[in-house]
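Taking it in order: structure first as structure tokens, then the write-up.
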Amino acid sequence: MRLKQWLTLALIVAFVLAAVPPQGTARALGVSAVRFGATCGDFSLLVAVTGAEDDGGGLDRFRYFIFDGNGKKLYQEDAVRRVGVTGGSQVINMSYDNDGVDGPPTKNPIRLQIIDLDANNNPKALLRDETVNASCLPPASPVTITENFRPVPFLKAFFVGETPLYRFPAREPIDLRIVAGKEHFAFYRSPDSQWVAIDVSGEQLMWVPTAVVSVELGRLGLPPRRIDGSDPATAAAITQPTPIPGTVIVPIGQPVGSALVTTRLRFRATPSLSGRQIGTIPFDTTVPVYGRNSAGNFIKVQYNGLLGWVSTCCINLIDVPLSQLPRVE
């Protein structure tokens, strides 16, 4: 065997051995490619999760849990993955308060745990445990992650004008400017599409006016509200719809949850089996959910840039039970 082939084999073996779970954990091979970073206001995460154990309906339940060195909860999110399916997520500068109002961390290290859940959402096993020091607090040791989080490059933005950098859209300019002719990677857009979030090699994405950059704005998604299933590339696919004759593209609002489609499912303009069909949602697609009808037999979802209705017969609600969905008729 040639030297190059031996080196390739050695790298594969090293990766597999590194993924073997330590004592006290289980099914660590279900979680891979973890990158994690934290500040006193937000966190960033790149992760891939593979469904490994059937908790009912062919779905594996798990939890993202973040807390500080004093044990204070900073963020919690429950999610599901179809058994045998791998899904990747990337969030950048997500607020700890996206799941409620928890406030900032009080002590390092900031800890991320990915926890296997049973069918009743009770913790069953620890899948991954990572720690990192937030630079805004005195460091603690040891930690498992020492390098700064670097988001995966997505979409190039070419600057056609000069601008200061802003911490938030139209708020908190900082004493740094970008001049015309520079290129940076863009990740998100503001809801009014007047601002773009870019990576300038710091701890946080910075915002700049859309007017000073040349970028494919339609490919940029909004900053996500959840970890699971969030990624600039996949989010952008939702905001760049394919028009269907006879339908109206509606603005993207704020979903209240998400659902997994468990079969090829008709997508309708009204909450009725006789409602006009405006598309078909493929099996194993996860869609944002906006509410339910008064009878509770249809839910309003977004797919391919459209808002419409699907029957509850063939979906699994992920984050919120049917009874807690708002009525949107």
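None of the figures in this text is laboratory data; all of them are computed from the coordinates on show. In this text, all values refer to a predicted model and were calculated from it rather than measured experimentally.
Amide H contacts under 5 Å for LEU306: none, restricted to partners 5 or more places along the chain or on a different chain, H placed in the peptide plane at 1.01 Å from N. Normalised size of segment 281-329, defined as Cα radius of gyration per 2.2 N^0.38 Å with N residues, equals 1.04. Using alpha carbons only, the radius of gyration of segment 155-219 set against its Kirkwood radius gives Rg/Rh = 0.90. Maximal additional length on extending the ASN121-PHE168 stretch stands at 13.4 nm, based on 0.36 nm per residue less the C-alpha distance.
Taking amide H as placed 1.01 Å from N in the peptide plane, the amide H of VAL31 sits under 5 Å from that of THR50, each at least 5 places away or on another chain. Rg/Rh for segment 99-221 (Cα atoms only, Rh after Kirkwood) is 1.08.
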